[in-house]
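Student: Take a look at this one; I'll ask things after.
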Amino acid sequence: MSFVTAHILDASLGTPAPGVTITLQRDDNTEIAQAVTNADGRVPELGPETLEAGVYRITFGTGEYFSSRNVETFYPSVIVNFTVEPGQKHYHIPLLLSPFAYSTYRGS
């Protein structure tokens, strides 16, 4: 199982957001992994099974998603910085998205 997973729901439509590119990076901008959300808006595998403790970044390619649907958006991308703590086994990062707002939280 991947140490990091993600899920995007398009709150403006009430549906998952398929086809969104998601990138996982270290705080020094080193890319670790990249994936595209599936039909259920999920990325079940994003990177290795473990990560060292530290600060990481996940970037959601929201601009391309909305552009492909001919929808204007204020956010060309959503960047979430998060801290990996020692001893943790999994991080799930959900994104609730609309063209002019978003929210995220630590999922389970």
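Student: Count, please, the residues in the range 1-33 that happen to be exposed (fewer than 12 other Cβ atoms within 10 Å of the Cβ) and in contact (Cβ under 8 Å) with a residue 60 or more places away in the chain.
Tutor: Matching residues across the range 1-33 total 1.
Student: Something else now. Which residue pairs have Cβ atoms under 6 Å apart, sit 6 or more places apart or on different chains, and have a first residue in the range 91-108 that is over 20 Å from Gly54 (Cβ atoms) and a second that is among the charged types (D, E, K, R) and modelled with pLDDT of 95 or more?
Tutor: Sorted first by the residue in the range 91-108, then by its partner, the pairs are Leu97/Asp10.
Student: Considering only residues that are surrounded by fewer than 19 Cβ atoms within 10 Å (Cβ to Cβ) and within 10 Å of Val20 (Cβ to Cβ), look in the range 64-76 and name the one that is farthest from the chain's Cα centre (by Cα).
Tutor: It comes out as Ser68.
The values are calculated or read from the model by the stated rules, or taken from the named source; none is laboratory data. The shown structure was predicted, so the numbers you read here are calculated from the model rather than taken from an experiment. Here Cβ is always computed from backbone atoms with ideal geometry, including for glycine, and neighbour counts include all displayed protein chains.
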